[in-house]
Amino acid sequence: MIYTLRVYKGKDVEKTYKIEDTFITSGVCMDVFRVVDVDTLVRAGSDSGMAIEMARSVIRAFMDFYPIVKEIFPDITEDEYRRTVPRDVGSLMMGIIQYAFGQLAHVESEKNRSLL
């Protein structure tokens with residue numbers, strides 16, 4: 001999968017950063033898990049009353065996400081990051097979480113197959 005982050009100048013896309021998920025490192029996944037309260041996201045998926053906690057978790061993560069984006073896209077500047085849209089940043093953040101979980105689940109399923 002390819003993740004994109006668009007930088008806007010007014011209403012126009014000035015620049016687009018792209019990365020394939022195969023280039024997302026374990027370090028990036030670890031950093032995302034440090035800033036995102038995964039437990040809250042999981043609970044929110046099963047409890048409608050957790051929506052406020054989920055929103056708080058995502059907002060905290062959003063505020064701390066620039067260093068991670070900088071690791072993924074070394075050329076992005078803070079000014080450019082400030083001119084991205086939240087849906088792109090959120091999509092990138094959630095994409096990395098899903099990618100990491102998928103990779104970890106793949107390892108677990110491989111381990112289970114080897115036990116058979």
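The values are calculated or read from the model by the stated rules, or taken from the named source; none is laboratory data. Just so you know, these numbers come straight off a predicted model, no measurement behind them. Methodologically, a virtual Cβ is constructed for each residue, glycine included, from the backbone with ideal geometry; neighbour enumeration extends over all protein chains shown.
Scanning segment 1-35 for residues that are assigned to a helix (DSSP H, G or I) and closer than 24 Å to SER57 by Cβ turns up ASP21, SER26, GLY27, VAL28, CYS29, MET30, ASP31, VAL32, PHE33, ARG34, VAL35. Residues in segment 82-96 that are free of Cβ contacts under 8 Å to residues at least 24 places away in the same chain and more than 14 Å from TYR3 (Cβ to Cβ): ARG82 alone. Mind telling me which of the residues ARG60, ARG56, ARG43 ends up being exposed (fewer than 14 other Cβ atoms within 10 Å of the Cβ) and at pLDDT below 90? Criteria check complete, one pass: ARG56.
The set of residues in segment 1-22 that are without any contact (Cβ under 8 Å) to a residue 12 or more places away in the chain and either among the aromatic types (Phe, Trp, Tyr) or under 21 Å from PHE101 (Cβ atoms) (or both) contains only THR22.
Scanning segment 84-98 for residues that are among the hydroxyl-bearing types (Ser, Thr, Tyr) and at pLDDT below 90 yields a single hit, SER91.
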